[in-house]
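Peer 1: There's a structure below that I have some questions on.
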Amino acid sequence: MSYELANRLVIGIASSALFDLAEADAVFREQGEESYRSYQEEHLDETLGRGVAFPFIRRLLSLNDLSSPDDPLVEVIVLSRNDPDSGLRVMRSIQSHGLPISRAIFMQGRSPYHFMPALNMSLFLSANETDVREAVALGLPAGRVLGAATADETDDQDLRIAFDFDGVLADDASEQVYQADGIEVFRSHETTNAATPHDPGPLRDFLASLNRLQQREEVERAEDSDYKIRVHVSLVTARNAPAHERAVRSLKGWGVTVNDAFFLGGIDKSTIMNVLKPHIFFDDQVGHLAGTSLNTPSVHVPFGKMNEPGREVPTAARG
């Protein structure tokens, strides 16, 4: 009997996002591929440490307790540039950490993101900038993890996810207005078009998939009054009034929702992240993520004109 992915939330994860591969990567860069393979084989039984996306992935997979074991809500599949032999350490580490991940694609030195549509993936996370940029250029939902791994508090069962708006959930058309003509023209443009939803950005469909998980949680709570909602989604954007209205209306027009919204008007996002403590935060501008990635698992989504090669990304953008 075939295993269908159509009705599941499917995430692709590179080993570089799931685990800390700094030591092995140093061997690859300094000594080459053959030495890297030998290193991985020699350390086969040494469990890899947790990487930037580990807390997010662990919590996401924990939601499968809302479904039967043979019909999980969430499927995570490894997409790796490792060859199958080197990938053995990755799979053993997954087992050692108790993660219910059994499916993987290993492609020796080649980019695996091309298989995302075939696997119905809503998101691909990797530390490889080239892979992520190429995937996003093809219209695929991908992000590059930044910073070091943070503590994964096992007594905290919540899954907190935060999104920037422009260039992440929405396209970057309004951001281009801001960059070309300034803040006042941007505000006027957004006020005039407040009732017109933005075109969706690269992670709108991922948010829709998260909303379906939240709806499943609401069903569980209706059946069990003791059930505690775990998934919480926040919008954290540099927009403020009056430009906030179009963002809210766009979400409603797309049929998606967030639990909380922070309209910061240029306030440093890292100050909010230090209190909100999301397990993952998506933004399209590296300038915003320079601060958040120090303490928050952060993901750069290199979408839109501001992320074209050679462009400087201003930190005061409207995302």
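Peer 1: All but one of (1) in contact (Cβ under 8 Å) with a residue 40 or more places away in the chain; (2) in contact with a helix residue (DSSP H, G or I) (Cβ under 8 Å, 6 or more places away or on another chain) hold for residue 104; which doesn't?
Peer 2: (1)
Each row is one residue, and each column tells you yes or no for (1) loosely packed, with under 13 Cβ neighbours inside 10 Å; (2) closer than 29 Å to residue 231 by Cβ.
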residue: 3; (1), (2): yes, yes
residue: 17; (1), (2): no, yes
residue: 27; (1), (2): no, no
residue: 63; (1), (2): no, yes
residue: 77; (1), (2): no, yes
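Peer 1: Can you find a residue that is touching a helix residue (DSSP H, G or I) at 6+ places or on another chain (Cβ under 7 Å), in contact (Cβ under 8 Å) with a residue 60 or more places away in the chain, open to solvent by less than 40 Å² (accessible area, probe 1.4 Å) and farther than 25 Å from residue 9 by Cα anywhere in the range 242-255?
Peer 2: Yes, that holds for at least one residue.
Peer 1: Something else about it: Taking the options 180, 118, 194, name whichever one is open to solvent by 50 Å² or more (accessible area, probe 1.4 Å), at pLDDT below 95 and hydrophobic (A, V, I, L, M, F, W, C).
Peer 2: Just one listed residue meets the conditions, 180.
Peer 1: So, one more: Tally time: how many residues in the range 131-150 are without any contact (Cβ under 8 Å) to a residue 60 or more places away in the chain and open to solvent by 40 Å² or more (accessible area, probe 1.4 Å)?
Peer 2: Final tally of qualifying residues: 3.
Peer 1: Can you name the residue in the range 151-177 that is without any contact (Cβ under 8 Å) to a residue 40 or more places away in the chain and in a helix (DSSP H, G or I) and is also farthest from residue 303 (Cα to Cα) among such residues?
Peer 2: The selected residue is 177.
Peer 1: Could you count how many residues in the range 130-149 are assigned to a strand (DSSP E or B) and farther than 15 Å from residue 56 by Cβ?
Peer 2: Summing the residues that are assigned to a strand (DSSP E or B) and farther than 15 Å from residue 56 by Cβ in the range 130-149 gives 0.
Peer 1: Name every residue in the range 73-88 that is at pLDDT below 95 and closer than 18 Å to residue 57 by Cα, in order of residue number.
Peer 2: 80
Peer 1: Does residue 128 count as surrounded by 15 or more Cβ atoms within 10 Å (Cβ to Cβ) and within 18 Å of residue 20 (Cα to Cα)?
Peer 2: yes
Peer 1: Also: List every residue pair whose Cβ atoms sit under 7 Å apart, with the two residues 6 or more apart in sequence or on different chains, where the first one lies in the range 37-54 and is surrounded by fewer than 18 Cβ atoms within 10 Å (Cβ to Cβ) and the second, anywhere, is of a type in the set (S, T, N, Q) and modelled with pLDDT under 95.
Peer 2: 37/86
Peer 1: Now for a separate question. Quick one: which of 105, 161 is at pLDDT 95 or above, touching a Pro at 6+ places or on another chain (Cβ under 8 Å) and open to solvent by less than 10 Å² (accessible area, probe 1.4 Å)?
Peer 2: Matching residue, one of 105, 161: 161.
Peer 1: Also, I was wondering about something else. Among the residues of the range 201-235, count how many are part of a strand (DSSP E or B) and either more than 25 Å from residue 269 (Cα to Cα) or touching a Ser or Thr at 6+ places or on another chain (Cβ under 9 Å) (or both).
Peer 2: 1
The values are calculated or read from the model by the stated rules, or taken from the named source; none is laboratory data. Just so we're clear, the structure is a prediction, and the values are computed from it rather than from any experiment. Counting neighbours? That spans all protein chains shown, and the Cβs are built from the backbone with ideal geometry, glycine included. Please note that ligands, DNA and RNA were not included when accessible areas were found on the heavy atoms of the full protein model with its side chains. Shrake-Rupley method; radii C 1.70, N 1.55, O 1.52, S 1.80 Å.
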